[in-house]
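The values are calculated or read from the model by the stated rules, or taken from the named source; none is laboratory data. In this text the structure is predicted, and so the values were computed from the model without any measurement. Every residue, glycine as well, gets a Cβ built from its backbone with ideal geometry; the counts of neighbours run over all protein chains shown.
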Amino acid sequence: MTNEDLKRRVAEIRWFHQIDLGDGVTTPGHDESAAKLRKLRLPARFDGQTVLDIGSWDGFFAFEAERRGAQRVVAMDPACWRPPAWGPRGWGTQQGFRLAHEVLGSRVEPLDIGLPDISPETIGTFDVVFFLGVFYHLPNPWLVLERAASVCRHLLVVETHADLLDHRRAAMAFYPGDEMEGDPSNYWGPNSKALAGMLGAEGFRKVDVYGERRGLRLARAGYRRLRGTRYSPQQGRLVAHAWR
């Protein structure tokens, strides 16, 4: 397709990820995907490895794993890829993934399966599993975390909203209704010790958890409060690398 055709098709979709499609075209997603990628501290290469991306949405991280040399990448996101459109603002479809997949000439394999149905028997096992931005949207997050762990042979990468980050004991905040940013799909905010403890209980021998500095959390909370958004310095984001 021509560059103008590509721009037109991109403009017809509401995007979450910011994906570089080439020819100066980057999808106008809400998510600052490149910045998040840096925070994930992923290995520089996945040569010869298999990768499962749970909660792929527009596919940014699945395509990145492919770009970094993964032998096989499988992407899934039943919440976003199955109708009706997901989210408080009516977005979340497979349109973005399909267009990016076409334009990039990708070999990433889309998989239609429910999160609780993930198991070695249903989808096999993978060297690396991404579980990014999913945990806190789940009514029963440990159940799906267990499912993700069951198909992971080597490295599980978890990224999530977090809460109670200054609490010394393992703990997790629960958000009834739309208490968290007006989004009823935000249910939980684990702290570092809770997330590490869950992953340890799933049999991972080593768990590294990366959080945000307290100064950054304070600044974000203050900024959001000025804009009328309820947010606490105890809240932030966590990234965990769990190794078999």
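The one condition from (1) in contact with a Lys or Arg (Cβ under 6 Å, 6 or more places away or on another chain); (2) closer than 13 Å to Leu155 by Cα that Arg205 does not meet is (1). Set side by side, the residues Leu132, Leu164, Leu155 differ, and just one is touching a residue at least 60 places away in the same chain (Cβ under 8 Å), over 27 Å from Asp53 (Cβ atoms) and buried (at least 16 other Cβ atoms within 10 Å of the Cβ), which is Leu164.
Checking each residue in region 64-99 for being touching an Asp or Glu at 6+ places or on another chain (Cβ under 6 Å) and outside any loop (DSSP other than H, G, I, E, B) picks out Val73, Val74, Ala75, Gly96, Phe97. A single entry from Arg169, Arg217, Arg147 fulfils the requirement of being farther than 23 Å from Val128 by Cβ and either hydroxyl-bearing (Ser, Thr, Tyr) or buried (at least 16 other Cβ atoms within 10 Å of the Cβ) (or both): Arg217. When Glu212 is tested against the conditions (1) modelled with pLDDT of 95 or more; (2) in contact with a strand residue (DSSP E or B) (Cβ under 8 Å, 6 or more places away or on another chain); (3) over 21 Å from Ala149 (Cα atoms); (4) assigned to a loop (DSSP other than H, G, I, E, B), the lone failure is (1).
From the list Ala75, Ala70, the lone residue that is in contact with a Pro (Cβ under 6 Å, 6 or more places away or on another chain) and of a type in the set (A, V, I, L, M) is Ala75. Scanning region 71-88 for residues that are touching a residue at least 12 places away in the same chain (Cβ under 8 Å) and in contact with a Lys or Arg (Cβ under 9 Å, 6 or more places away or on another chain) gives Arg72, Val73.
Each row is one residue, and each column tells you yes or no for (1) among the polar types (S, T, N, Q); (2) under 18 Å from His241 (Cα atoms); (3) not in a loop (DSSP other than H, G, I, E, B).
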residue	(1), (2), (3)
Leu145	no, yes, yes
Arg169	no, no, no
Glu181	no, no, no
Gly189	no, yes, yes
Leu195	no, yes, yes
Phe204	no, yes, no
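Would you check if there is a residue in region 50-63 being more than 27 Å from Pro116 (Cα to Cα), touching a strand residue (DSSP E or B) at 6+ places or on another chain (Cβ under 9 Å) and assigned to a helix (DSSP H, G or I)? Break it down into steps so the answer makes sense when it comes.
First, pick out the residues of region 50-63 that are more than 27 Å from Pro116 (Cα to Cα): none.
No, every residue in region 50-63 fails to be more than 27 Å from Pro116 (Cα to Cα), touching a strand residue (DSSP E or B) at 6+ places or on another chain (Cβ under 9 Å) and assigned to a helix (DSSP H, G or I).
Do we have Leu143 as within 15 Å of the chain's Cα centre (by Cα), under 27 Å from Ile113 (Cβ atoms), at pLDDT 95 or above and not aromatic (Phe, Trp, Tyr) here?
So Leu143 does not fit the description; no.
Out of contact with any strand residue (DSSP E or B) (no Cβ under 9 Å at 6 or more places or on another chain), at pLDDT 95 or above and either part of a helix (DSSP H, G or I) or surrounded by fewer than 21 Cβ atoms within 10 Å (Cβ to Cβ) (or both): is that true of Glu121 in this structure? So Glu121 fits the description; yes. The residue that is farthest from Gly211 (Cα to Cα), among those in region 29-49 that are out of contact with any helix residue (DSSP H, G or I) (no Cβ under 7 Å at 6 or more places or on another chain) and outside any loop (DSSP other than H, G, I, E, B), is Asp47.
Residue-wise test of (1) among the aliphatic types (A, V, I, L, M); (2) modelled with pLDDT under 95; (3) surrounded by 14 or more Cβ atoms within 10 Å (Cβ to Cβ).
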{"position": "Arg8", "(1), (2), (3)": "no, no, no"}
{"position": "Ile19", "(1), (2), (3)": "yes, no, yes"}
{"position": "Val25", "(1), (2), (3)": "yes, no, yes"}
{"position": "Asp31", "(1), (2), (3)": "no, yes, yes"}
{"position": "Leu40", "(1), (2), (3)": "yes, no, yes"}
{"position": "Ala44", "(1), (2), (3)": "yes, no, no"}
{"position": "Asp47", "(1), (2), (3)": "no, no, no"}
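Condition (residue is in contact with a Ser or Thr (Cβ under 9 Å, 6 or more places away or on another chain), closer than 21 Å to Ala79 by Cα and modelled with pLDDT of 95 or more) applied to region 174-187: is it met by at least one residue? The answer is no, given that none of the residues of region 174-187 is in contact with a Ser or Thr (Cβ under 9 Å, 6 or more places away or on another chain), closer than 21 Å to Ala79 by Cα and modelled with pLDDT of 95 or more.
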